[in-house]
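**Q** Supplied in structure tokens, the structure appears directly below.
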Amino acid sequence: MTTTELLALYDIEERRQVSIPGFRREETAQLVRMVDEAGAHAYIAWSDLKADTAEMAIEREMAHFSGLGLEFEWKTYSHDKPADLVERLRTHGFAVEEDEAIMALDLSATDEIHRADPAIRIL
């Protein structure tokens, strides 16, 4: 599986179709919002914005969460569009945190890994 295929699968399973107990999932054509039912936390889990409408979308989300009285986080990934999404969010006052990484393991290699060190458990 290529990196592009892995990221597409990750986007679907962990971002676009995300479901977390205690959070309300809100989906539009451009993004998925997650709102803590206790009103303590909210975030954009996934977005697919177009360069020519990204500013309006960001402003719309800021107004949406402001109307709820909630601060929110916009989770971004290096392959998100538009390519300058992080800079656009920074311009709107979002704090940019340190980069994180996604790791994937080719499960066809797990037998070899386990033989090398039987103490390693893969669940």
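Quick note: the coordinates plus some simple rules give every number you see, no bench work behind them. Since the structure is predicted, the reported quantities are computational estimates derived from the model, not experimental observations. Reconstructed Cβ throughout: ideal geometry from the backbone, glycine too, with neighbour counts over all protein chains shown.
**Q** Which of the residues that make up the stretch 60-99 are over 21 Å from Leu6 (Cα atoms) and among the basic types (Lys, Arg)?
**A** Arg60, Arg88, Arg90
**Q** Need the failing condition index for Gly93 against (1) small (Gly, Ala, Ser); (2) under 30 Å from Gly39 (Cβ atoms); (3) surrounded by 11 or more Cβ atoms within 10 Å (Cβ to Cβ), just the number.
**A** The one condition Gly93 does not meet is (3).
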